[in-house]
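Below: one structure, written as structure tokens.
The values are calculated or read from the model by the stated rules, or taken from the named source; none is laboratory data. Keep in mind that this is a model prediction, so the values were computed, not measured. Methodologically, a virtual Cβ is constructed for each residue, glycine included, from the backbone with ideal geometry; neighbour enumeration extends over all protein chains shown.
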Amino acid sequence: MSYTEYRPSLDLEPFVDCFWSSSGTALQSRHIVVPDNRVDIIFSLEENQKRAFFSGPMTRPFETSNLRIFAVRFFLQASFHLFQIPLSEFTDQSVDISDFMDNSKWVTEMMDSLDGDKKRIEFWENYLRKKNLKNDPKTTAIKVLLEKENSVAEIGGILNLSRQQVRRVFLKHTGLNPKTFQKIQRFQNLRRWVNQFGNQGDWSELGHNFNYYDQSHFAHDIKSLTTKTPTSYFSN
């Protein structure tokens, strides 16, 4: 399967993680998608399988088999501002974009008619600039502190919010509770490290370096997010 990511223009980097496209045969295209603290608007461009859907915040892995795709991958809080719908309504769901985009038919037709990823990216960047995207400052602050492994209680103290307020604000704008966000972020940090430096085989030390409590915690989290053991997942 062919898979390509494209970086957004500088002014859109706070909102768009990347644009991406993929293609392959029916056998090649079947693969497991793991949670990544992102959301996607996905356009299936294969003849007889054309559709456009929103893939919401994920807490568990799922298998997909789309053959020819173009997609926009957003950071969580940016998509809340774009659609003005609590992301908690879309957690672990894929819904047709016509459910919440008034101009979805036109957007879908444009994705189908434009020739190549470059023109599709130009379309989306122009479209998003007109939306005057903004990130909620409170949610952004919570996200930054969660990425630093602060607890909800610590974040509440720093931002002068109760623990319930921290959870409520974050869930509304990202579709994930803080604990789940940290679990996925920890795994993604580990994944990037292994992809860059390789697997040295010492899972105990590696797990400790990425803030897993112990070997059991490490193995349980990896299995819940990938369906595989650490050795099986990272060997691929």
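Residue by residue through the range 147-164, note down the ones that are in a helix (DSSP H, G or I) and out of contact with any Lys or Arg (no Cβ under 9 Å at 6 or more places or on another chain).
GLU147, GLU154, GLY157, ILE158, ARG163, GLN164
If you check PHE43 against the conditions, is it buried (at least 17 other Cβ atoms within 10 Å of the Cβ) and of a type outside the set (A, V, I, L, M)?
The answer is yes for PHE43.
Any residue in the range 98-127 that is at pLDDT 95 or above and surrounded by 12 or more Cβ atoms within 10 Å (Cβ to Cβ) sitting within a Cβ distance under 8 Å of a residue that is in a loop (DSSP other than H, G, I, E, B) and among the hydroxyl-bearing types (Ser, Thr, Tyr)? List the pairs, counting only those 6 or more apart or interchain.
Listed by first residue and then by second, the contacts come to GLU125/SER9.
Within the range 42-123, considering only strands (runs of 3 or more DSSP E) that don't extend past its boundaries, which have at least 3 residues that are assigned by TED's automatic domain parsing to the domain that holds SER23 and of a type in the set (A, V, I, L, M)?
Numbers: elements: 51-55, 62-64, 68-75, 94-96.
Because the criterion is at least 3 residues that are assigned by TED's automatic domain parsing to the domain that holds SER23 and of a type in the set (A, V, I, L, M), the strands (runs of 3 or more DSSP E) in the range 42-123 that meet it are 68-75.
Yes or no: ASN160 over 15 Å from ALA141 (Cα atoms) and polar (S, T, N, Q)?
In short, no.
Considering only residues of the range 128-153 that are among the polar types (S, T, N, Q) and farther than 19 Å from CYS18 by Cα, which is surrounded by the fewest Cβ atoms within 10 Å (Cβ to Cβ)?
For the range 128-153, the residue satisfying everything is SER151.
With (1) over 16 Å from the mean Cα position of the chain (by Cα); (2) of a type in the set (Phe, Trp, Tyr); (3) closer than 28 Å to SER88 by Cβ as the list, and PHE187 as the residue in question, which single condition is left unmet?
Going through the list (1) over 16 Å from the mean Cα position of the chain (by Cα); (2) of a type in the set (Phe, Trp, Tyr); (3) closer than 28 Å to SER88 by Cβ, PHE187 breaks only (1).
Name every residue in the range 197-235 that is among the hydroxyl-bearing types (Ser, Thr, Tyr), in a helix (DSSP H, G or I) and within 21 Å of the chain's Cα centre (by Cα), in order of residue number.
SER224, THR226, TYR233
Could you tell me how many of the residues in the range 26-40 are aliphatic (A, V, I, L, M), part of a strand (DSSP E or B) and surrounded by fewer than 19 Cβ atoms within 10 Å (Cβ to Cβ)?
Of the range 26-40, the ones aliphatic (A, V, I, L, M) are 26-27, 32-34, 39.
With part of a strand (DSSP E or B) added as a condition, the list becomes 32-33, 39.
Narrowing the set further to residues that are surrounded by fewer than 19 Cβ atoms within 10 Å (Cβ to Cβ) leaves 32-33.
Summing the residues that are aliphatic (A, V, I, L, M), part of a strand (DSSP E or B) and surrounded by fewer than 19 Cβ atoms within 10 Å (Cβ to Cβ) in the range 26-40 gives 2.
If a residue must be over 17 Å from GLN77 (Cα atoms) and either in contact with a Lys or Arg (Cβ under 6 Å, 6 or more places away or on another chain) or crowded, with 18+ Cβ neighbours inside 10 Å (or both), how many such residues does the range 87-97 contain?
Here the count works out to 1.
If you go through the range 11-25, how many residues are outside any strand (DSSP E or B), touching a residue at least 40 places away in the same chain (Cβ under 8 Å) and under 27 Å from HIS81 (Cβ atoms)?
4
Among the numbered criteria (1) closer than 23 Å to LYS179 by Cα; (2) at pLDDT below 95, which single criterion is violated by HIS31?
(1)
Residues to consider are GLY156, GLY207; find the one that is at pLDDT 90 or above, surrounded by 14 or more Cβ atoms within 10 Å (Cβ to Cβ) and small (Gly, Ala, Ser).
Residue meeting the stated conditions: GLY156.
Give PRO57, PRO8 a once-over and let me know the one that is over 16 Å from ASP117 (Cα atoms) and either touching a helix residue (DSSP H, G or I) at 6+ places or on another chain (Cβ under 8 Å) or touching a residue at least 60 places away in the same chain (Cβ under 8 Å) (or both).
PRO57 is the lone residue from the list that is over 16 Å from ASP117 (Cα atoms) and either touching a helix residue (DSSP H, G or I) at 6+ places or on another chain (Cβ under 8 Å) or touching a residue at least 60 places away in the same chain (Cβ under 8 Å) (or both).
Is it the case that some residue within the range 164-178 is buried (at least 18 other Cβ atoms within 10 Å of the Cβ), at pLDDT 95 or above, closer than 19 Å to TYR213 by Cα and under 20 Å from the mean Cα position of the chain (by Cα)?
Scanning the range 164-178, I find at least one residue that is buried (at least 18 other Cβ atoms within 10 Å of the Cβ), at pLDDT 95 or above, closer than 19 Å to TYR213 by Cα and under 20 Å from the mean Cα position of the chain (by Cα), so the answer is yes.
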